[in-house]
Each structure stands twice: as C-alpha cells, then as structure tokens.
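Participant: The structure that follows is given in the form of structure tokens.
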Amino acid sequence: MGDLHRIYDAYRDRANFLTVYISEAHPDDEWQMESNQLQGFVLKQPRVLDERKKAAGILVDRLKYRMPLAIDMMDNRTEKAYAGWPERIYILGTDGKVLFKGDVGPFGFHPDEAEKALAKLVTASAATTAAAR
C-alpha cells in the first residue's frame, strides 16, 4: 500500500481518489495464500454485504489504509464493469471516460505507471486552465 499512499498524498489536492473494495482475491475458503496466513489476513469470501464491509474494515485497520474506500455490491457490478479482479488501477476523467487502464494484478499491478499517467494528466489540466485565464 505504500506506493498507493505515496501517490495519494502527492496528488490528492489535484485529483479525486477512490478505491473500490471488490471480492477477495485469496479467501481462506477458496484460494488462500501462505503469505496471507503468515500476515494474519485469513478471511472467508464474503457472502453478504455486511461481511464485505467487515472485510473492508479489516483492510483499513490492519494496513492503515487512508484513501477513500467504496464497497462493491454483492453482484460485483463494479468488479465486472472494470475487470478489476484481483486488483487494477484506473484513472477516469471528470466525464467518466477511462484515461488510464492499468494491467491486471498482481503481476500487472504497477502503481508507478499510473502515477506517470496521472502526472501528465494533471500537468495538461493545469496548462489548459492557465491558458483559459
């Protein structure tokens, strides 16, 4: 989470951030990872929204997660719409258009690539705003 928090801290005054908590990637009752067990992240796949909210709360508490967090509905509509499982970074414009679509994690999850794209977008937006004055 360090890279995500660093990017959030650097750009939160110039961009809106939102993490959507989707279905668990490695729940205990499906595909548990040994690394999760060693870190004490042993969760079952939530079956109802209250369980998903509780799991999201564990993320916030244990990882000191501080970015704004929404919770996907149990039909996984956001996860499906953005092909977000197990993790993925998107940058959307103010019109909702996708401006950056990161690869699927964990192997394609590269916050540094999203940061480069965000830096360019913020710079371009600032230049457009300045030119309009």
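Participant: Please give, to one decimal in nm, the separation of the simple spin-label points placed at Ala15 and Arg62, each 7 Å out from Cα toward the Cβ.
Facilitator: 2.8 nm
Participant: If amide hydrogens are placed 1.01 Å from N in the peptide plane, which non-local residues have theirs closer than 5 Å to the one on Tyr21?
Facilitator: Under 5 Å from the amide H of Tyr21: Ala70, Ile71, Asp72.
Participant: While we're looking at this one, here's another question. With percent of Cα pairs over 23 Å apart as the read-out, I listed [x] 38; [y] 25; [z] 35; which label goes with the value calculated from this structure?
Facilitator: Given [x] 38; [y] 25; [z] 35, the structure-derived one carries the label [x].
Participant: Could you state the angle between the C-alpha long axis of helix 2-11 and the longest principal axis of the C-alpha atoms of the chain, as a value from 0 to 90 degrees rounded to the nearest 10?
Facilitator: Helix 2-11 sits at roughly 30 degrees to that axis.
No lab work stands behind these numbers, since they all come straight from the coordinates. Since we're looking at a predicted model, the values are computed, not measured. No Cβ is skipped: glycine too gets one built from the backbone with ideal geometry, and neighbour counts run over all protein chains shown.
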